[in-house]
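Report on the structure given below.
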Amino acid sequence: MKRKMIILSLFVMLATQIQAQKEINYSIPRWRLGVEFGVNPIYGGVSSFQPNIRQSYSYYYDFDADYYGGHIRFGGTNVTSFSFGIKPEFLIKKRVAVAAGLRFNFFTAILDSDRDFFLWKLSETETSAHYVKIKNISQSNYYLEIPLEVRLFPREKDYAVRQYFVFGTAFNFLVASNTNVQFQNPNMKKYASNVMENIGEPNIFHGSVYAGIGLKFGKLNFPCGNIEIHIPVINYGNGKKNTFANTVNIPSIRFQAILQIPVSKKHILTYTVID
């Protein structure tokens, strides 16, 4: 009798546990649209020597732009850069997502003097040299950037705060460039083309590769935010984004914030939960 009671108790417990198990269908969109903003406070650069400037007049390079903000003095190496873009993302599996998009970069470089002007050599003979007084030379460059990224989630379940790793590369293409020369004497504008011929053009392409770590805040089936830190970010190509400074291929760091919004059909994931 005692043995029958034990067996009956085990069956009751098993039946109760089976009834307590239930399946939950969890909807996750396969496609999400990301709107991103990034800042890169560490950037390597080397000022380019301008042979047409009379060396008895000191000068410096002043970089100030909507995309690459901050300043570089002559011989300096630090630039703060900013980026804005749109990046759709596709969920391949519960733990793997790929993304690609477009970013717009605007970079203005200004060649200036620590005096009212500097002297720029127009021509030279064995017995004479001809100079003009220039207040500054500015060059605005517009780049279209294409980022390609992969995100890997260590945990499969979609928690409200979820860690992930990101690996990516970006390709930058010059779409437009404009150089402006401001003379001390406005009547010297007729020599602007002569000055611009000696300045040259920036590279039409440069790129970067990077790895990083991020945190997602919110569930994937709702709008959610992401913060990322990319380290290292390594530039490749000649890195000459403007005529006045050459970048060097050294590691840097980048911070990025992304708002992601679901935009597609749901992908159903099933979880078994024990109450």
Considering each residue of region 156-184, count those that are surrounded by fewer than 14 Cβ atoms within 10 Å (Cβ to Cβ), of a type in the set (Gly, Ala, Ser) and assigned to a strand (DSSP E or B), and give that number. 1
Restricting attention to region 118-152, the residues that are closer than 15 Å to ALA192 by Cβ and among the hydrophobic types (A, V, I, L, M, F, W, C) number exactly 5
So, THR127, is that one at negative phi, at pLDDT below 90, hydroxyl-bearing (Ser, Thr, Tyr) and not in a strand (DSSP E or B) or not? yes
Looking at region 203-221, which of its residues are under 13 Å from the mean Cα position of the chain (by Cα), farther than 17 Å from VAL150 by Cβ and among the hydrophobic types (A, V, I, L, M, F, W, C)? none
In region 130-154, which residues are charged (D, E, K, R) and modelled with pLDDT under 90? LYS133, LYS135
Restricting attention to region 189-233, the residues that are assigned to a strand (DSSP E or B) and either touching a Pro at 6+ places or on another chain (Cβ under 9 Å) or not aromatic (Phe, Trp, Tyr) (or both) number exactly 21
Note on TYR159: of the conditions (1) in contact (Cβ under 8 Å) with a residue 40 or more places away in the chain; (2) closer than 30 Å to ILE28 by Cβ, unmet is (1)
Pairs, first touching a residue at least 12 places away in the same chain (Cβ under 8 Å) in region 212-224, second hydroxyl-bearing (Ser, Thr, Tyr) and in a strand (DSSP E or B), C-beta under 8 Å, six or more apart: ILE213/TYR164; GLY214/TYR164; LEU215/TYR164; LYS216/TYR164; ASN221/TYR26; ASN221/SER27
Those residues of region 222-232 which are under 18 Å from ILE28 (Cβ atoms) and surrounded by 16 or more Cβ atoms within 10 Å (Cβ to Cβ), in sequence order: CYS224, ASN226
Restricting to region 75-90, what's the tally of residues that are farther than 20 Å from ASN40 by Cβ and at pLDDT below 90? 1
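The values are calculated or read from the model by the stated rules, or taken from the named source; none is laboratory data. Bear in mind that the values here come from a model prediction, so they are computed numbers and not experimental data. Cβ coordinates were reconstructed from backbone atoms using ideal geometry, including for glycine residues, and neighbour counts include every protein chain displayed.
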